[in-house]
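The values are calculated or read from the model by the stated rules, or taken from the named source; none is laboratory data. Owing to the predicted nature of the structure, the values given are computational and were not obtained by experimental measurement. Cβ placement follows ideal geometry from the backbone for every residue including glycine, while neighbour counts extend to all protein chains displayed.
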Amino acid sequence: MKTLYKYLNFFRFLGGGGISSHQVYALPIQPKLDFHTSRSAHQLKCLKFIWAFVLFTMTSISGVKAYDKAPVANFGASNYPCNTKMPWVDSSFTGLSSSVIDPAADGLACLGSNTNLGNLLNNNLSDFASINFFSGLGGCSSTLSVVDTDVSDTYPVGTFAGYRVGTAGLVGISIGLNITISTYNGGSFVESQTVVSSGLGLNSSLINGDGTATLGFVTTVGAFDEIRITYTAAVALLFTGTVYHAVVERFCAGPSLACNVQTRMNNPTFPTLIGASNTGLSGGVCVGCSVNNTENTVSSSTTDFATIVLTAALGTTGSIAVKDQLTDYPVGTFAGFDISNPNLINANLLSGITIRTYKDGSPREASNSGTLLSVGSTLLTGAGKQTVGFVTTMDFDEVKIEVTNLLGIASTTNVYGAIFQTFCAGPALPCNTLTAMATPTYPVLVAGPGTGTSGIACLLCSVDSTQNLIDNIPNNSARINLTAAIGAIGSISIKEQLTDYPAGTFVAFDIENTSLLTLDLLNGITISTYLNGNPVAVESQTGQAALLSVGTGLLTNSGRRTVGFVTTMPFDEVRLTIANTVSANVGITRVYNVFFEKFCPVVLECNTTNYLNGPDFPVIIDDALTGVDGVACVACSVEDAPYVITDDPTDYAVITTVVGALSPASIAVKDILSTFPAGSTAGFVIRDINTILQVELFNSITITTYNDGIPQESASGNDLLDLAVLNLLNLGLTGPGDFNIGFRTTLPYDEIQISVGSLASVINIIQVYGAFVDTRGANDGNLNCCPTTAPLLSANTLSNTCPAVTVDLNSLVTNTPPMGADSILVWFTNNMATGTAYATPTAATANTYYAFFYDTIDSCYGPASGAVTVTINACNGQLSVKVLLQGALFNSPTPGIMRDNLRSGSYIPLNDPYTGSGNPRFAHAGAGGAVSTTSGVLSANAGTDDAIVDWVFVELRSALDSTVVVETRAALLQRDGDVVSPADGSSPLVLPGTVGNSYFVAVKHRNHLGVMTAIERTITLAGIIVDFRNMNDADVYNFTSPFSYDGYEMVTVSGFKALWAGNANADKKVKYQGPSNDNATVLSQVLTFPGNTLGVFNYDLALGYFYGDLNLDGKVKYQGTTNDPGFMFLNLITNFALNTLDLYNFDLFGEQIP
């Protein structure tokens, strides 16, 4: 510092001033030196030396030295992200170092400084290095460098090398400044490029929205490990250059273009860069014109955009070019841009748009408004985004959009990105099916030359959102907007890029316009076809008389319909044109889809019913014969006519004619390829909303056949037949107003029309579901294909063998059907084959049957066989039920084994206690009735688990209605819970005629609450087991009101489920107090016992078989030890948890059987 002060004081001596060691000076901005000074040459030489020394010393103090910092990431020359401009900074790369190669201060030749060099390795855009030029005697220059010092890191040819810089002071003509980017390898120069020239300054289109620009080039000479930026000023005065950081980008090939999909050429998916040499403004000086934020056209965002701003000056052109660094795209690729122009309304902007392609920097081809696809000359109206471009005929790697102001109107065009698209042939059209020509299935584009508005000048007319027509998104639509100006025309054209479609193909547009309901708009519609880009149409059809309709599930009553025609010549493009032919505001016509349909013939068979629907038949609605005829009728209408030929059996068209209408309303269905035979029946399936008398209805309807557009024959009134008895159409139309109406023809035909006239007193409203042709009775040729032989039988009687409960009728037939697969064996219960064939001949029940061979092709029967009489023998099913009684489990020493006190005390009666009891709970059904047992059965098995406990009552209930009892049995119950036959005390229950049938199974007891299964059980010959002892709660029926009894259908005793004890009066409830309580029954039986002469309540010798004996110990006892009400009280208060309030008079403790 002392040396510095010495020289500064010396400089003061030369210039008249000095500086002390404690003074702090900002670096002065010196005026330009005057070489006509009075100082001597020696003094000037010293002055120049001192200035150089001072600036060098001070800038060194400010940090002008090599700067190194440890990196955060570990990227090197080959592993950083592809197709992304990567800041070459120490937060991402290893081994980076920054330095000043050529300081701004160069003695007296240039006064300047380099500051904050360390910021070159910082990705923060708030930080930067600076090159400051204060003044220069002979010009100034300064070079900054960033080098990758890792030995292994060398960046290959083809890598982008550059710097992100501030753009202040770089824009403008004759700024006198050059900026050069250079690459070095191992300290040796490789190549360089001047990115800002002294004459023109920085191309403003390269400036980002934040005011910075990335300057550089894609290397072509050799690899590098160092990037330098040099600022050179011929005359430097008060200039500061801002340098943020170096930038590198390596390029990786993008994926192959997906078939028939517009692909945005964005980073990082594709190796695209802005083609700087083809980007910017041209055509002369334009104040206020600019091309901005061009990097947005290759950014990963789909919503940001560059802008081309043109003022009202004529002839100015703004351009943006996007180049793929690695891939050449072949002939036939679509090249274009997504653009919008939100500020331009009804101006012919696109007449000034040109799309150009390049390869290796050389021009290839160009397309302007006359040949652009995806948009037309007047499409870009409003704010809608559009795609403009063309299908190339030469390969390319770069595409450019040019917007030229030809109208002198200020506009801003938003450019979202470059769009490439490759085309692949779509699948073949399916037969008789409307097929939407949409991407990505088919290689279609909106053809610009045929799309737009024309005719007379129309200020508010437009065609927009055309891409919606082929985007395959339901209910997305393009729009043709025509005002009330007669003669205004709007068109949309769709071109298939690869396939020519043959003559006979149906072409149509799915359109919607509410004016279709009120205006004669169809007469202003023209559909045309084109081939190979020839502007002259191959053929056209115009108006309602020439256009046809087809079925589509999209049809609504809002005026939406699909119209088109059957072509007679090949084509690859189809155009919809709408002309305003009426003095009214046509408004907006929405165009949802363009459809192609291939018609395929149908081979008619003998005696078949044919529903004229797609895709089964090649049918269309003939608009020429559809609608309201003759004199205008305001309230008459034909709605949703295409629904007549859809394959949905529930949709329909509606024909409405009012009282007094002079002309009928009609719907005509035409088969494009088939001719139906004479003798067949032609007609329609209809529903009369008014359900008027058939005679009056038929008198208002006429059905007519046509052949090649010529009327053949008609039928009306009494000549029409209701063919419902033939079951022609299975639509479930069985009401009084439903008819299969038609007549038997005598002439060939290819079209059927239904016409509905007016009625005398009410509006005639007919729903038309579909047209049909039935070939039964057809006599165009030799169609008699019916079988002539009868089935031969091995026997005329047949009965079942148990366990089967049905028989197989087919087992009796000894000969085969005479016509192979076209003939089948059927059975009827009459020998005339009338009515419906027997549905289950392999599982026939008792009846008399006749066999026939039935021709499935011609729908007719051969002669009948002899009669077969079927008898069915009953098969007995077996049922094993297991259940426990809570009362017999009280004080039982073994869990799940009941006491048999009633048996051991000889109290069990030989006759069942249920028959004749008069209690409806025990009413017999089916084969059930009184049964008895023997004393031998009751005494058998004493001391074992098979000893008898008591009688129980078993029910089988209907699987269709569990409240209906269909079979009952009184049976005995063993100690282990087996329910057995009273005949032997050991066999399961035998139930004749129940095999194969399903039932709900219930078990009841005289003083316990019964139980029933929740699901039906199927009885088998081998027998089934229904075990209530361990049945899941879900398998046991329960009520859900007043609360859910789930889990409380039975009581659990020592791990086993048992019936609740306590129902002494057998009324389906356990009740301790209150009306009809069970205590009263117990007390009554105690007090009335013959031995209780004193009528004491605690009488202990009332022995026998009593309902009040709740614990089944052979004694009924009201008070005292083991009294029966005590068991009842235990259940009510302790065991039955639903009695949450412990009410003595709780009245909802009930049996869970419906």
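Given ARG903, ARG899, which one is at pLDDT 95 or above, in a helix (DSSP H, G or I), on the phi < 0 side of the Ramachandran plot and not acidic (Asp, Glu)? Can you show your working first?
Details: ARG899 fails: in a helix (DSSP H, G or I).
Just a single option satisfies the conditions, and that option is ARG903.
Considering only residues that are among the small types (Gly, Ala, Ser) and part of a loop (DSSP other than H, G, I, E, B), which ones fall in the stretch 624-676? I'd like the intermediate steps shown before the answer.
We begin by selecting, within the stretch 624-676, every residue among the small types (Gly, Ala, Ser); these are 624, 627, 630, 632, 635, 637, 641, 653, 660-661, 663, 665-666, 668, 674.
Of everything in the stretch 624-676, those that are among the small types (Gly, Ala, Ser) and part of a loop (DSSP other than H, G, I, E, B) turn out to be GLY630, ALA632, ALA635, GLY660, ALA661, SER663, SER674.
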Quiz prompt | ALA624 vs. criteria at pLDDT below 90, within 28 Å of ILE655 (Cβ to Cβ) and not assigned by TED's automatic domain parsing to the domain that holds THR435 | solution = yes
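Could you please find all residues in the stretch 1113-1139 being assigned to a loop (DSSP other than H, G, I, E, B) and either within 60 Å of the chain's Cα centre (by Cα) or loosely packed, with under 14 Cβ neighbours inside 10 Å (or both)?
So the first thing to find is which residues in the stretch 1113-1139 are assigned to a loop (DSSP other than H, G, I, E, B), and the list is 1113-1114, 1116-1123, 1136-1139.
Of everything in the stretch 1113-1139, those that are assigned to a loop (DSSP other than H, G, I, E, B) and either within 60 Å of the chain's Cα centre (by Cα) or loosely packed, with under 14 Cβ neighbours inside 10 Å (or both) turn out to be GLY1120, THR1121, THR1122, PHE1136, ALA1137, LEU1138, ASN1139.
Among the residues of the stretch 1075-1094, is there at least one that is outside any helix (DSSP H, G or I), of a type in the set (S, T, N, Q) and within 17 Å of HIS1005 (Cα to Cα)?
So in the stretch 1075-1094, the residues outside any helix (DSSP H, G or I) come out as 1075-1077, 1088-1094.
Subset that is of a type in the set (S, T, N, Q): 1076-1077, 1088, 1092-1093.
Of the ones still in play, those that are also within 17 Å of HIS1005 (Cα to Cα) are none.
No, the stretch 1075-1094 contains no residue that is outside any helix (DSSP H, G or I), of a type in the set (S, T, N, Q) and within 17 Å of HIS1005 (Cα to Cα).
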Practice problem: Go through (1) in a loop (DSSP other than H, G, I, E, B); (2) surrounded by 14 or more Cβ atoms within 10 Å (Cβ to Cβ); (3) in the same structural domain as PHE1000 (by TED's automatic domain parsing) one by one and return the number of the condition LYS1057 breaks. | Solution: (1)
Exercise. Please tell me if GLY928 is at positive phi and either modelled with pLDDT under 95 or surrounded by 14 or more Cβ atoms within 10 Å (Cβ to Cβ) (or both).
Key: no
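Could you say whether any residue in the stretch 216-231 is touching a strand residue (DSSP E or B) at 6+ places or on another chain (Cβ under 9 Å) and modelled with pLDDT under 85?
Filtering the stretch 216-231 for residues touching a strand residue (DSSP E or B) at 6+ places or on another chain (Cβ under 9 Å) gives 216-231.
Then keep just the ones that are modelled with pLDDT under 85; that gives none.
Looking through the stretch 216-231, none of the residues is touching a strand residue (DSSP E or B) at 6+ places or on another chain (Cβ under 9 Å) and modelled with pLDDT under 85.
In the set THR272, THR302, which member is under 29 Å from TYR442 (Cβ atoms) and in contact with a helix residue (DSSP H, G or I) (Cβ under 6 Å, 6 or more places away or on another chain)? Before the answer, list the steps.
On the way: THR302 fails: in contact with a helix residue (DSSP H, G or I) (Cβ under 6 Å, 6 or more places away or on another chain).
After ruling out the rest, the residue left standing is THR272.
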Quiz item: Which of the residues spanning the stretch 931-978 are surrounded by fewer than 17 Cβ atoms within 10 Å (Cβ to Cβ) and in a loop (DSSP other than H, G, I, E, B)?
Solution: THR934, ALA940, ALA942, GLY943, THR944, ASP945, ASP946, ALA959, LEU960, ASP961, THR963, VAL964
Quiz item: THR589 passes all but one of (1) in the same structural domain as ASN513 (by TED's automatic domain parsing); (2) within 18 Å of ASN432 (Cα to Cα); which number fails?
Solution: (2)
Quiz item: Scanning the stretch 209-249 for residues that are surrounded by fewer than 18 Cβ atoms within 10 Å (Cβ to Cβ) and among the aliphatic types (A, V, I, L, M), which turns out nearest to GLY166 (Cα to Cα)?
Solution: LEU238
Quiz item: So how many residues does the stretch 789-848 have that are in a loop (DSSP other than H, G, I, E, B), farther than 24 Å from THR608 by Cβ, small (Gly, Ala, Ser) and in contact (Cβ under 8 Å) with a residue 40 or more places away in the chain?
Solution: 2
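Of everything in the stretch 936-964, what is among the β-branched types (Val, Ile, Thr) and touching a residue at least 60 places away in the same chain (Cβ under 8 Å)? Give them in sequence order. Break it down into steps so the answer makes sense when it comes.
Going through the stretch 936-964, the residues among the β-branched types (Val, Ile, Thr) turn out to be 937, 944, 948-949, 952, 954, 963-964.
Selection gives VAL949, VAL952, VAL954, THR963.
Specify the residue that is surrounded by the most Cβ atoms within 10 Å (Cβ to Cβ); the eligible residues are those in the stretch 1083-1112 that are under 25 Å from VAL954 (Cα atoms) and of a type outside the set (Gly, Ala, Ser).
Within the stretch 1083-1112, the first condition is being under 25 Å from VAL954 (Cα atoms), and the residues that meet it are 1104-1112.
Cutting the leftovers down to of a type outside the set (Gly, Ala, Ser) gives us 1105-1107, 1109-1112.
Values: TYR1105: 18, PHE1106: 24, TYR1107: 19, ASP1109: 27, LEU1110: 30, ASN1111: 25, LEU1112: 28.
The residue in question is LEU1110.
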Quiz item: Does the stretch 429-451 include one or more residues that are within 30 Å of ASN293 (Cα to Cα), touching a Gly at 6+ places or on another chain (Cβ under 7 Å) and modelled with pLDDT under 90?
Solution: yes
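In the stretch 862-876, is there at least one residue being of a type in the set (S, T, N, Q), touching a helix residue (DSSP H, G or I) at 6+ places or on another chain (Cβ under 7 Å) and either surrounded by fewer than 18 Cβ atoms within 10 Å (Cβ to Cβ) or within 30 Å of THR1013 (Cβ to Cβ) (or both)? Give the derivation first.
Pass one, the stretch 862-876, residues of a type in the set (S, T, N, Q): 865, 869, 871, 873, 876.
Restricting the remaining residues to those that are touching a helix residue (DSSP H, G or I) at 6+ places or on another chain (Cβ under 7 Å) gives none.
No, the conditions are met nowhere in the stretch 862-876.
Could we say that LEU1094 is of a type in the set (A, V, I, L, M, F, W, C) and modelled with pLDDT of 95 or more here? Outline the logic, then answer.
Working: of a type in the set (A, V, I, L, M, F, W, C): yes; modelled with pLDDT of 95 or more: no.
Considered against the rule, which asks whether it is of a type in the set (A, V, I, L, M, F, W, C) and modelled with pLDDT of 95 or more, LEU1094 comes out as no.
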Exercise. Of all residues in the stretch 640-681, count the ones that are surrounded by fewer than 16 Cβ atoms within 10 Å (Cβ to Cβ) and either under 17 Å from ILE763 (Cβ atoms) or of a type in the set (Ser, Thr, Tyr) (or both).
Key: 5
Quiz item: Name the residues in the stretch 250-274 that are assigned to a loop (DSSP other than H, G, I, E, B) and surrounded by 20 or more Cβ atoms within 10 Å (Cβ to Cβ), would you?
Solution: PHE251, GLY254, LEU257, ASN260, GLN262, MET265, ASN266, ASN267, PHE270, PRO271
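Given the options PHE698, PHE684, name the one that is among the aromatic types (Phe, Trp, Tyr) and either in a strand (DSSP E or B) or closer than 22 Å to PRO618 by Cβ (or both).
PHE684
Looking at this structure, is LEU879 modelled with pLDDT of 95 or more and either in contact with a Leu (Cβ under 8 Å, 6 or more places away or on another chain) or within 30 Å of PRO1125 (Cβ to Cβ) (or both)?
Values: modelled with pLDDT of 95 or more: no; either in contact with a Leu (Cβ under 8 Å, 6 or more places away or on another chain) or within 30 Å of PRO1125 (Cβ to Cβ) (or both): yes.
For LEU879, the condition - modelled with pLDDT of 95 or more and either in contact with a Leu (Cβ under 8 Å, 6 or more places away or on another chain) or within 30 Å of PRO1125 (Cβ to Cβ) (or both) - is not met.
Report yes if some residue within the stretch 597-609 is under 30 Å from ALA760 (Cα atoms) and either more than 28 Å from the chain's Cα centre (by Cα) or outside any strand (DSSP E or B) (or both); otherwise report no.
Within the stretch 597-609, the subset under 30 Å from ALA760 (Cα atoms) is none.
No - not one qualifying residue is present in the stretch 597-609.
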Quiz item: What tally of residues in the stretch 877-932 results from selecting those that are among the acidic types (Asp, Glu) and without any contact (Cβ under 8 Å) to a residue 60 or more places away in the chain?
Solution: 0
Quiz prompt | Scan of the stretch 1018-1039 for residues that are modelled with pLDDT of 95 or more, surrounded by 15 or more Cβ atoms within 10 Å (Cβ to Cβ) and assigned to a strand (DSSP E or B), ordered by number | solution = VAL1026, VAL1036
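Residue by residue, here is whether (1) buried (at least 18 other Cβ atoms within 10 Å of the Cβ); (2) modelled with pLDDT of 85 or more holds:
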site	(1), (2)
ASP708	no, yes
PRO736	no, no
GLU751	yes, yes
ALA760	no, no
Quiz item: What's the number of the condition PRO615 fails, among (1) at pLDDT below 90; (2) assigned to a loop (DSSP other than H, G, I, E, B); (3) of a type outside the set (Asp, Glu)?
Solution: (1)
